[in-house]
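Peer 1: Before we start, here is the structure in question, set down as structure tokens.
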Amino acid sequence: MHDGRETDDMNNVARRDAGLPYHYDDPAIMDGQLAWQGKLWEYNQTKPTEQYCRAELLADMCAKVGEGVHIETPLHANNGCRRVHLGKGIYINAFMSMVDDAEIWIGDYAMFGPSVTIATAGHPILPVMREHHYTYALPVHIGRNVWVGSNVSILPGVTIGDNSVIGAGSVVTRDIPSNVVAMGVPCTVKRPIGEHDREYYWHDRRLDVTE
């Protein structure tokens, strides 16, 4: 395949779904994409007061949407969110960008700061592959009750475990386990979530509530 030609009988849709390099400009890959982007355009035209309308549009756009999901506009998704699976109680701030060429799974009560990117797609490093319009797509899984800070990039194939916090500006290139604070470029685990977090909510600021 190093010369940019197919080496087996799999079509591009099958190659994409298997996580293999495929031609992104194949009409079978692009089928329906503009129609789904049209639904997303409608969502982005809604007013903040039109919450019921937004909920109906999200239910039509996404693969799955739980109750109480709130997504600020503008929102971008390559395929209009048709491969995005959302649990309940999720909050997504403005300027979220999702490259949903593969499935994106987001668990209940996850929270996202502004300008987060979730990218399921990438391009091979070998230059001739990009010249021949190859890409690949790998699913992203974000667990329950995850908090993702502003300006974070989450790359193809990544899984973030339940309850974890991803610091602002991080680039998540590898899996992050559950119940940790992680940050950086590339994003790495800094510490577990534990007793310290029962007493302090931000640096030296003490919690005055208990749950």
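The values are calculated or read from the model by the stated rules, or taken from the named source; none is laboratory data. Bear in mind the structure is a predicted one, so any value in this text is a computation, not a measurement. Heads up, the Cβs are rebuilt from the backbone with ideal geometry, glycines too, and the neighbour counts pull from every protein chain shown. The protein model used for the area step is the full one, side chains on, heavy atoms only, and it has no ligands, DNA or RNA in it. Shrake-Rupley method; radii C 1.70, N 1.55, O 1.52, S 1.80 Å.
Peer 1: Among Asp31, Asp25, which is the only one that is within 25 Å of His132 (Cα to Cα), touching a residue at least 40 places away in the same chain (Cβ under 8 Å), surrounded by fewer than 15 Cβ atoms within 10 Å (Cβ to Cβ) and not β-branched (Val, Ile, Thr)?
Peer 2: Working: Asp31 fails: touching a residue at least 40 places away in the same chain (Cβ under 8 Å).
Going through Asp31, Asp25 in turn, just one is within 25 Å of His132 (Cα to Cα), touching a residue at least 40 places away in the same chain (Cβ under 8 Å), surrounded by fewer than 15 Cβ atoms within 10 Å (Cβ to Cβ) and not β-branched (Val, Ile, Thr): Asp25.
Peer 1: Taking strands (runs of 3 or more DSSP E) that do not extend beyond segment 94-211, which have at least 1 residues that are of a type in the set (A, V, I, L, M) and buried (at least 17 other Cβ atoms within 10 Å of the Cβ)? Break it down into steps so the answer makes sense when it comes.
Peer 2: Details: elements: 96-99, 104-106, 117-119, 134-137, 140-142, 180-183, 188-192, 200-202.
The qualifying strands (runs of 3 or more DSSP E) are 96-99, 104-106, 117-119, 134-137, 140-142, 180-183.
Peer 1: Kindly check whether there is at least one residue in segment 84-93 that is closer than 21 Å to Ser164 by Cβ, assigned to a loop (DSSP other than H, G, I, E, B) and touching a Pro at 6+ places or on another chain (Cβ under 7 Å).
Peer 2: yes
Peer 1: Still on this structure, please answer the following. Assuming Met98 fulfils every condition listed in (1) touching a Ser or Thr at 6+ places or on another chain (Cβ under 9 Å); (2) farther than 22 Å from Ser150 by Cα apart from one, which condition is it?
Peer 2: (2)
Peer 1: Also, I was wondering about something else. Being in contact with a Lys or Arg (Cβ under 7 Å, 6 or more places away or on another chain) and closer than 13 Å to Asn11 by Cα is the filter; apply it to segment 22-45 and report the residue that is modelled with the highest pLDDT.
Peer 2: Selected residue: Tyr22.
Peer 1: Scan segment 68-83 for residues that are touching a strand residue (DSSP E or B) at 6+ places or on another chain (Cβ under 9 Å), part of a loop (DSSP other than H, G, I, E, B) and either buried (at least 18 other Cβ atoms within 10 Å of the Cβ) or among the polar types (S, T, N, Q) (or both) and report the count.
Peer 2: 5
Peer 1: Do you know which residues across segment 46-67 are assigned to a loop (DSSP other than H, G, I, E, B), under 20 Å from Leu34 (Cβ atoms) and open to solvent by 30 Å² or more (accessible area, probe 1.4 Å)?
Peer 2: Ala63
Peer 1: Among the numbered criteria (1) part of a loop (DSSP other than H, G, I, E, B); (2) open to solvent by 70 Å² or more (accessible area, probe 1.4 Å), which one does Trp41 miss?
Peer 2: Against the list (1) part of a loop (DSSP other than H, G, I, E, B); (2) open to solvent by 70 Å² or more (accessible area, probe 1.4 Å), Trp41 comes up short only on (1).
Peer 1: Would a scan of segment 92-109 turn up a residue that is under 23 Å from Gln33 (Cα atoms), of a type outside the set (Val, Ile, Thr) and in contact (Cβ under 8 Å) with a residue 60 or more places away in the chain?
Peer 2: yes
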